[in-house]
Amino acid sequence: TAPIAAAIKMEAAKQIPVVNEATRLFRELITRSPVFVAGQVPLDAMSYLVRETAREGGPQAAPRVAAELVRAYADAFRGLTTGRVTGDLYRAIREGGGMAGIHDRTQRAMATKLDDVTRRNMFEVRSADDMRRLLQWVASFEWSQAVGQRVEMAPRLAAARLGEARALRQGANVDTAALRGVMDFRDVTLDFQRGGTWARTMNSAIPFFNVGWQSAATVQRAWRENPRAFPLTALALIGAPTAAAEAWNRADPQRAQDYDDVPDYIKDRGIVIMLPG
């Protein structure tokens, strides 16, 4: 029973307390940055578009897949000021799509949670302690982290809806289709709880190590999942736009020189398009 309990609590990874706490704080600071959140929007959206368009059969499905993402963004941001999720997003998280670890069940943490759920919205101030928490929420950029969580959930919600509808079209029963939606919810971008003992151990010392490891593996999984549709989709949604942007950026000598001055870390995050002049 001990190995099973360790697996449930995700304790298999070996962790060095001081190092693990330092990397946790680093991740917290990074993920609360508005720049980081803004940068994740196109990355998550493109990952979703390629993965789900391939699952839907190829590039011809891209407009419908994109439209579903727009609808999901609107749904994911409902309840932002109250800290609550509703509708299909709540159902997906409740039925297994949540990716949080073991919750803090101390008396203080539970009292905080109770206070949160009884508040009409996060701006409601009922005491001096509420004012202190509100100021801390603003100063520590927790608002940015809250927006980032909604941004991350939108592609997952869209994937869950498409996956469930796809399973129903293929003849699955309602329960199986719902499970398919939850599975697509978790892995359309990155399942942060996925990873072996070695990767999670390294992740405790190197921030975002498991994310990078899983990112590389995701391409292979997507190709294996749709060996015919995935290459065509990647060529249409990534290859062609990248080639077009490169041709545009090199078409003018001054523009080409300006493009060369763009740091590699920016180019590595996605397609760069230089503005005229």
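Where in segment 222-277 are there helices (runs of 4 or more DSSP H), lying wholly inside it, with at least 3 residues that are farther than 18 Å from Gly39 by Cβ and modelled with pLDDT of 90 or more? Outline the logic, then answer.
On the way: elements: 229-234, 240-250, 253-260, 264-267.
Qualifying helices (runs of 4 or more DSSP H): 229-234, 240-250, 253-260.
Please determine whether any residue of segment 187-202 is in a helix (DSSP H, G or I), within 16 Å of the chain's Cα centre (by Cα) and surrounded by 14 or more Cβ atoms within 10 Å (Cβ to Cβ).
Within segment 187-202, the subset in a helix (DSSP H, G or I) is 187, 197-202.
If we keep only those that are within 16 Å of the chain's Cα centre (by Cα) as well, we get 187.
Applying the additional criterion that residues be surrounded by 14 or more Cβ atoms within 10 Å (Cβ to Cβ) yields 187.
Yes, there is a match, as at least one residue in segment 187-202 is in a helix (DSSP H, G or I), within 16 Å of the chain's Cα centre (by Cα) and surrounded by 14 or more Cβ atoms within 10 Å (Cβ to Cβ).
Could you check segment 186-218 and list, in sequence order, the residues that are among the aromatic types (Phe, Trp, Tyr) and at pLDDT below 70?
Within segment 186-218, just Phe192 meets the criteria.
With the requirement that a residue be buried (at least 20 other Cβ atoms within 10 Å of the Cβ) and more than 20 Å from Ala45 (Cα to Cα), what does segment 143-177 give you?
The answer is Ala167, and nothing else.
Could you list, ordered by first residue, the pairs with Cβ atoms under 7 Å in which the first is in segment 78-93 and in contact (Cβ under 8 Å) with a residue 40 or more places away in the chain and the second is charged (D, E, K, R) and open to solvent by less than 50 Å² (accessible area, probe 1.4 Å), at least 6 apart or interchain?
Within 7 Å, the pairs are Leu80/Arg150; Asp88/Asp75; Asp88/Arg161; Leu89/Asp75.
Looking at Leu232 and the list (1) closer than 30 Å to Met183 by Cβ; (2) surrounded by fewer than 15 Cβ atoms within 10 Å (Cβ to Cβ); (3) more than 23 Å from the chain's Cα centre (by Cα), which single condition is not satisfied?
The failed condition is (2).
The values are calculated or read from the model by the stated rules, or taken from the named source; none is laboratory data. From a predicted model like this one, the values you see are computed outputs, not experimental measurements. Please note: Cβ atoms are built from the backbone with ideal geometry, for glycine as well, and neighbour counts cover all protein chains shown. Side chains are part of the model used for accessible areas, which takes the heavy atoms of the whole protein and leaves out ligands, DNA and RNA. Shrake-Rupley method; radii C 1.70, N 1.55, O 1.52, S 1.80 Å.
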